[in-house]
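The values are calculated or read from the model by the stated rules, or taken from the named source; none is laboratory data. Fair warning: this is a prediction, and the values are worked out from it, not measured in the lab. Here Cβ is always computed from backbone atoms with ideal geometry, including for glycine, and neighbour counts include all displayed protein chains. Protein only, heavy atoms only, side chains kept; ligands, DNA and RNA dropped before computing areas. Shrake-Rupley method; radii C 1.70, N 1.55, O 1.52, S 1.80 Å.
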Amino acid sequence: MIEDLEDLKMIARPTISPDASKILYLVTTPDGEEYTTELMVIDRMTGEKLWNIEEGNPTNPDWAPYGDNILYTDRQGMEKDEKGTSLWVAEKNTSKLVGKFNGGASQPKWSSDGEYIYFVSGVGEDDPDVKIIDKIPIWFNGEGWTYYRTKHLHRLEVASGEVSVISEGDMNVQCYAEHEGKVAYCQSANPLRPGESDLIVYDIESEERDRILSGYMIQSLQWSPDGNEIAFTGSDGSRGYATHVTVHKIAVDGGPVTNLTGKLDRGSSRRHYHDIRSMYAGGCEPIWDGDFIYFPVSNSNRHELHKVDPDNGNITPVLIGQYSIEEYSVKDGFVAYTRVNTDKTPELWVLDTSERQLTNINKKLIDEIKLQQAENFSFKQKDGAIVEGWILKPVNWKKDESYPAVLDIHGGPKSKFGDSLMFEHQLYASNGYAVIYLNIRGSGGYSQEFGDIRGEWGIWDYEDLIAGVKKALELYPWLDKERLGITGLSYGGFMTNWVITHNDMFRTAISQNSISSWTAFFGTSDIGFHFTPEQVGGNPWSNLNTYVDKSPITYANMVDTPVLFVHSWNDYRCWIDQSIEFYTALKYLGKETQLAMFMEGPHTFRSVARMSLRKRRYRLMLDWFDKYLK
């Protein structure tokens with residue numbers, strides 16, 4: 001039932017205390033049109049609740065290096081229209097405001113001595129009336145207008161409240177880590193390739209600043225315990241954005257880079273789809289604990305945890321199973337983590353003297369509803385590649401009946417479908433639909449070669465989709481081939497558009513936050529000017545024919561499939577012009593189509609929008625599929 005979405009609680013940010021005796025985590029709960037958070041602290045061994053913070057909306061928690069102090073962000077005490085956020089420090093149940101910042105306060109962390117707080121905040125003022133713009137991108141998905149400000153690294157002295165700016169220049173700080181008076185941080189190195197990084201080490205006392213590495217695309221940093229080396233997750237970009245993100249190390253004074261995990265030919269990014277992930281969840285980044293670096297591995301439909309010895313490169317599995325790890329924390333070899341399955345909501349687990357579950361926050365709801373398990377299948381393509389797929393049977397499936405099916409296509413393209421709960425898939429299954437989903441060429445979780453489709457969108461990925469549906473029809477004869485629907489969001493929306501312009505096997509389609517014109521995407525998307533040249537090739541002036549050939553809107557006259565376009569107004573990744581253009585073309589051509597414009601929400605609005613909008617989106621999509629498939 002759509003209404004079940006209101007009762008799903010979301011768990012995030014598991015973090016072990018410095019003495020390894022306690023674990024904090026956040027619980028996000030839908031509350032009308034809002035989402036509230038509660039910060040919980042429990043005993044690691046028993047799971048017993050020790051204290052909690054429920055006043056305000058605590059997010060981004062971080063343990064102080066000693067004692068029970070917890071740093072977090074909150075908008076408590078700020079006006080609704082007031083920009084930015086606040087930093088708070090809590091000692092058990094008592095919280096104290098330490099500063100308000102209208103440029104925000106992301107990535108807040110304690111210094112290693114507990115006397116300072118580091119955070120990233122935007123510097124610059126926006127003109128609400130006239131926007132005089134002289135750089136790109138002009139906006140960023142989930143953030144809004146960004147042309148006027150630069151993200152800088154700040155340091156706040158807790159005792160005095162004095163704030164200083166650490167970074168320099170007009171390029172954004174991407175990530176950082178501090179160790180005993182030295183700060184390593186990454187700053188965008190190229191305005192036309194903003195993902196590329198300069199890795200800089202700054203000495204607080206001497207104010208010396210050394211750039212020790214350039215040219216890598218870096219996502220997170222970790223100091224070695226002795227302060228002599230820095231580990232980072234990132235890539236050399238040898239395959240562009242399709243390059244696996246892996247764990248590397250470099251000496252603090254520079255020198256050669258060692259790729260510690262590249263030999264696995266699997267990435268460490270969290271790529272799996274999970275549409276009830278808390279909007280306050282953190283990343284899933286490597287942790288240097290003692291003699292090992294703990295890191296995630298995206299492997300097939302799983303998200304695993306491994307550890308590597310940085311001295312000899314030996315890699316050992318830590319947590320592997322038919323589940324996906326969402327987030328984790330490591331201290332003294334103990335691991336606290338959240339994990340999820342296709343038919344189970346995320347919960348908190350710990351690995352110490354044993355592996356055990358510590359929370360069951362959705363027990364009441366799970367006992368009342370039926371969640372379907374996924375069945376795996378695979379097939380060999382004509383070029384020899386093995387492609388994996390999964391199917392959810394409809395609830396109360398009977399072998400002697402036939403059922404309609406919905407093919408869902410993930411975004412990315414280097415995202416993937418994982419062993420992780422998708423509320424949308426379960427909703428379809430509970431309403432009488434089978435759900436087919438595939439990790440086609442371009443997906444994460446497999447080799448770099450498998451995941452690299454630069455210049456080939458609509459070729460092998462398309463072949464894999466069609467072959468995958470045909471394989472499902474062969475393996476599951478109860479599927480009604482005359483009642484197939486197709487949908488997808490972002491890249492999945494592009495592929496939905498591509499399929500219906502090149503194939504008529506689907507009776508209806510829903511294209512979500514999609515791409516229809518590469519030329520338009522180049523100019524309006526927050527990533528268009530650097531993503532499109534890599535994925536399509538060249539730019540609209542040097543390679544116009546390919547831009548046209550690879551754009552689904554070029555083939556609008558070939559569409560016979562009724563299609564609903566769903567898009568959110570504040571999507572700056574795939575701007576709303578993409579759906580408007582294709583919808584207008586189909587209407588002009590007399591095709592059967594409809595456009596649903598949600599007047600707020602970013603690219604990921606299906607997971608973070610106001611509850612009423614999320615529910616209305618589900619209702620619109622179910623009604624559209626019911627109209628044509630039942």
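Could you list, in sequence order, all residues of segment 86-109 that are within 25 Å of the chain's Cα centre (by Cα), within 14 Å of Leu153 (Cα to Cα) and assigned to a strand (DSSP E or B)?
Ser106, Gln107, Pro108, Lys109
Which condition from (1) without any contact (Cβ under 8 Å) to a residue 12 or more places away in the chain; (2) open to solvent by less than 70 Å² (accessible area, probe 1.4 Å); (3) farther than 25 Å from Asn259 by Cα is the one that Asn190 breaks?
Checking Asn190 against (1) without any contact (Cβ under 8 Å) to a residue 12 or more places away in the chain; (2) open to solvent by less than 70 Å² (accessible area, probe 1.4 Å); (3) farther than 25 Å from Asn259 by Cα, the one that fails is (3).
Looking for something under 28 Å from Tyr437 (Cα atoms), open to solvent by less than 10 Å² (accessible area, probe 1.4 Å), assigned to a strand (DSSP E or B) and in contact (Cβ under 8 Å) with a residue 40 or more places away in the chain - is there at least one such residue anywhere in segment 296-308?
Checked against the condition, which is being under 28 Å from Tyr437 (Cα atoms), open to solvent by less than 10 Å² (accessible area, probe 1.4 Å), assigned to a strand (DSSP E or B) and in contact (Cβ under 8 Å) with a residue 40 or more places away in the chain, segment 296-308 yields at least one hit.
Of the residues Ile133, Ile117, which single one is among the hydrophobic types (A, V, I, L, M, F, W, C), in a loop (DSSP other than H, G, I, E, B) and either touching a strand residue (DSSP E or B) at 6+ places or on another chain (Cβ under 9 Å) or open to solvent by 50 Å² or more (accessible area, probe 1.4 Å) (or both)?
Values: Ile117 fails: in a loop (DSSP other than H, G, I, E, B).
Being among the hydrophobic types (A, V, I, L, M, F, W, C), in a loop (DSSP other than H, G, I, E, B) and either touching a strand residue (DSSP E or B) at 6+ places or on another chain (Cβ under 9 Å) or open to solvent by 50 Å² or more (accessible area, probe 1.4 Å) (or both) holds for just one of Ile133, Ile117, which is Ile133.
Among the numbered conditions (1) under 24 Å from Lys382 (Cβ atoms); (2) out of contact with any Phe, Trp or Tyr (no Cβ under 8 Å at 6 or more places or on another chain); (3) touching a residue at least 12 places away in the same chain (Cβ under 8 Å), tell me where His530 comes up short.
Tallying (1) under 24 Å from Lys382 (Cβ atoms); (2) out of contact with any Phe, Trp or Tyr (no Cβ under 8 Å at 6 or more places or on another chain); (3) touching a residue at least 12 places away in the same chain (Cβ under 8 Å), His530 fails exactly one: (1).
Find the residue count for segment 393-422, including only residues that are closer than 21 Å to Lys481 by Cβ and assigned to a loop (DSSP other than H, G, I, E, B).
Residues of segment 393-422 closer than 21 Å to Lys481 by Cβ: 393-394, 397-409.
In the following step, the residues that additionally are assigned to a loop (DSSP other than H, G, I, E, B) were identified as 393-394, 397-402.
Residues meeting the conditions: 8.
Within segment 553-599, how many residues are crowded, with 21+ Cβ neighbours inside 10 Å, assigned to a helix (DSSP H, G or I) and touching a strand residue (DSSP E or B) at 6+ places or on another chain (Cβ under 9 Å)?
Residues in segment 553-599 being crowded, with 21+ Cβ neighbours inside 10 Å, assigned to a helix (DSSP H, G or I) and touching a strand residue (DSSP E or B) at 6+ places or on another chain (Cβ under 9 Å): 5 in total.
Restricting attention to segment 445-474, and to residues there that are part of a helix (DSSP H, G or I) and basic (Lys, Arg), which single residue is least open to solvent (accessible area, probe 1.4 Å)?
If we filter segment 445-474 for residues that are part of a helix (DSSP H, G or I), which is where we start, we get 448-451, 460-474.
From what's left, basic (Lys, Arg): 470-471.
Numbers: Lys470: 122, Lys471: 52 Å².
Among them, the one singled out is Lys471.
Restricting attention to segment 1-53, which residues are part of a loop (DSSP other than H, G, I, E, B) and either among the hydrophobic types (A, V, I, L, M, F, W, C) or open to solvent by less than 10 Å² (accessible area, probe 1.4 Å) (or both)?
Quick first cut of segment 1-53, residues part of a loop (DSSP other than H, G, I, E, B) only: 1, 8-9, 17-21, 32-33, 44-48.
Listed by number, the residues that qualify are Met1, Leu8, Ser17, Ala20, Met45.
Which pairs do you get when a residue that is touching a residue at least 24 places away in the same chain (Cβ under 8 Å) and over 20 Å from Phe521 (Cα atoms), found in segment 578-601, comes within reach of a residue that is surrounded by fewer than 14 Cβ atoms within 10 Å (Cβ to Cβ) and of a type in the set (S, T, N, Q), reach meaning Cβ atoms under 9 angstrom, with the pair 6+ apart or on two chains?
Leu589/Asn557; Lys591/Asn557
Got at least one residue in segment 475-490 being in a helix (DSSP H, G or I) and open to solvent by 10 Å² or more (accessible area, probe 1.4 Å)?
Within segment 475-490 (the criterion being in a helix (DSSP H, G or I) and open to solvent by 10 Å² or more (accessible area, probe 1.4 Å)), the answer is yes, since at least one residue qualifies.
For segment 49-106, how many residues meet the condition of being free of Cβ contacts under 8 Å to residues at least 24 places away in the same chain, within 25 Å of Glu143 (Cα to Cα) and of a type in the set (Ser, Thr, Tyr)?
2
Go through segment 244-266 and count every residue that is under 20 Å from Gly442 (Cα atoms) and assigned to a loop (DSSP other than H, G, I, E, B). Break it down into steps so the answer makes sense when it comes.
Going residue by residue through segment 244-266, those that are under 20 Å from Gly442 (Cα atoms) are 244-246, 262-266.
Next, from what is left, pick out any that are assigned to a loop (DSSP other than H, G, I, E, B): 244-245, 265-266.
Qualifying residue count for the region: 4.
Only residues that are assigned to a loop (DSSP other than H, G, I, E, B) and crowded, with 24+ Cβ neighbours inside 10 Å: list them for segment 507-538, please.
Taking segment 507-538 and keeping what is assigned to a loop (DSSP other than H, G, I, E, B), we get 507, 513-517, 525-527, 538.
Result: Asn513, Ser514, Ile515, Ser516, Ser525.
For segment 144-162, what are the residues that are surrounded by 16 or more Cβ atoms within 10 Å (Cβ to Cβ) and either charged (D, E, K, R) or under 24 Å from Thr73 (Cβ atoms) (or both)?
Pass one, segment 144-162, residues surrounded by 16 or more Cβ atoms within 10 Å (Cβ to Cβ): 145-156, 158.
Hits for segment 144-162 are Trp145, Thr146, Tyr148, Arg149, Thr150, Lys151, His152, Leu153, His154, Arg155, Leu156, Val158.
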